[in-house]
Amino acid sequence: MRYTLTLAMAALLAAPAMADPIKVGMITTLSGGGAGLGVDTRDGFDLAMKLAGDAAVDITVITEDDQQKPDVAVQIADRMIQSEEVDILTGIVWSNLAMAVVPAAVQQGKFYLSTNAAPSALAGAQCHEDYFSLSYQNDNFHEAAGQAATDAGYENMVIMAPNYPAGKDALTGFKRFYEGEVASEIFTQVGQTDYAAEIAQIRDADADAVFFFLPGGMGISFLKQYSGSGVTTPLIGPAFSFSQDILPAAGDAALGIRNTASWSPDLDNEANKTFVDAFKAEYGRLPSVYAAQGYDTANLILSAVATADIADRDAFRDALMAADFPTVRGKFRFGPNRHPIQDLYLREVVRLDDGTLTNRIVDTAMTDRGDAYAADCTN
């Protein structure tokens with residue numbers, strides 16, 4: 001499945017005269033159990049481009065479905081680089097796909113701007129000057145959950161995640177800031193839909209609480225099965241299992257559960273208010289954290305285009321690093337490894353008066369958090 005979006009930038013964001021046009025290749029998941037994540041990523045990105053309006057520089061965005069398969073993502077990336085001659089790649093949701101695509105893309109002289117996946121290897125020893133994460137470093141939301149669990153007084157917890165790079169980063173990040181004991185550490189399969197065995201382990205563990213990272217359809221399946229199991233051990237997790245794309249399907253099973261994120265629809269700043277209102281008007285639904293990250297990624301590109309020609313790679317890289325754009329997160333800057341330094345929030349799933357489930361901020365879990373791998377980045 002293939003989409004092409006060509007837009008002109010607004011006059012206020014116009015690039016210098018005679019600047020080269022830019023071609024962006026978005027590779028994201030638009031089918032299967034993880035489709036909601038990719039759809040929101042694409043829609044947030046496209047919305048920022050649409051709101052930019054008409055101006056001097058054309059940006060062409062080519063979007064393709066990676067089907068959540070590393071080999072498909074690699075094939076698309078190769079074609080975009082060699083045949084489409086894209087300047088920037090973006091959009092990958094899943095860390096195993098990012099690890100398959102990003103190193104080769106940057107070695108071929110392409111910028112990669114991550115809207116989501118940010119595995120630890122690419123933040124540390126395998127960092128690259130042309131790889132930027134607009135989302136977080138994979139550990140971050142989980143680190144915030146570990147801190148929140150410690151603050152809540154949980155002393156003995158079950159922790160659970162899928163067995164792939166982001167899942168391993170999740171449990172590593174959680175344990176970095178959780179001061180209690182781990183009763184059981186469970187790795188599930190990517191794409192798993194039946195969690196009866198894991199729920200039985202939780203029931204037998206006699207733990208204070210459960211931390212879990214299960215994005216997309218995995219989170220929906222687990223929440224529904226857990227809610228119906230009769231197990232009452234409290235849950236805490238990152239936003240990925242409580243994102244706006246998840247909540248309609250999860251329903252009451254998610255209500256009241258606390259989760260961590262760098263963004264929430266009720267975050268009180270003008271850029272976020274504009275984004276949430278425009279997203280609802282354009283798509284008829286509330287945005288998710290994936291949409292917010294896609295929107296910020298597009299606006300970073302627009303800010304760089306306003307001050308530098310992509311033909312001058314050093315100047316364009318410096319313009320990206322400046323992060324001079326109106327972020328929905330209120331404040332945002334890059335650390336030395338080109339990963340965010342940002343606040344992380346504790347949210348709770350609530351029901352609005354119209355029946356919509358969404359998240360509301362209840363506390364700030366971490367302030368100006370960078371990541372644990374920046375010191376290992378020498379590029």
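The values are calculated or read from the model by the stated rules, or taken from the named source; none is laboratory data. All of these numbers come straight from a predicted model, not from anything done at the bench. In this analysis, Cβ positions are derived from the backbone assuming ideal geometry, glycine residues included, and neighbour counts consider all displayed protein chains.
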* Of all residues making up the stretch 199-228, the number that are assigned to a loop (DSSP other than H, G, I, E, B) and either in the same structural domain as residue 41 (by TED's automatic domain parsing) or surrounded by 15 or more Cβ atoms within 10 Å (Cβ to Cβ) (or both) -> 6
* Of all residues making up the stretch 31-43, the number that are surrounded by fewer than 22 Cβ atoms within 10 Å (Cβ to Cβ) and either in a loop (DSSP other than H, G, I, E, B) or aromatic (Phe, Trp, Tyr) (or both) -> 3
* To do: Hey, can you tell me all the residues within the stretch 118-165 that are small (Gly, Ala, Ser), surrounded by 24 or more Cβ atoms within 10 Å (Cβ to Cβ) and part of a loop (DSSP other than H, G, I, E, B)?
  => 118, 135
* From the set of residues in the stretch 35-49 that are over 13 Å from the mean Cα position of the chain (by Cα) and not charged (D, E, K, R), which is farthest from residue 281 (Cα to Cα)? -> 35
* To do: Those residues that are more than 18 Å from the chain's Cα centre (by Cα) and either outside the structural domain of residue 234 (by TED's automatic domain parsing) or closer than 23 Å to residue 318 by Cα (or both), I need them from the stretch 331-371; list them, please.
  => 336
* Tell me which residues, restricted to the stretch 310-336, are over 21 Å from residue 21 (Cα atoms), in contact (Cβ under 8 Å) with a residue 12 or more places away in the chain and not aliphatic (A, V, I, L, M). => 326, 327, 329, 330, 331, 332, 334, 335, 336
* How many residues are within 17 Å of residue 365 (Cβ to Cβ) and either more than 13 Å from the chain's Cα centre (by Cα) or in a strand (DSSP E or B) (or both) if we restrict to the stretch 233-267? -> 12
* Would a scan of the stretch 44-59 turn up a residue that is closer than 21 Å to residue 239 by Cα, in the same structural domain as residue 305 (by TED's automatic domain parsing), in contact with a Gly (Cβ under 8 Å, 6 or more places away or on another chain) and part of a helix (DSSP H, G or I)? -> yes
* Asked: If you go through the stretch 320-356, how many residues are touching a Leu at 6+ places or on another chain (Cβ under 9 Å), buried (at least 20 other Cβ atoms within 10 Å of the Cβ) and of a type in the set (A, V, I, L, M)?
  -> 4
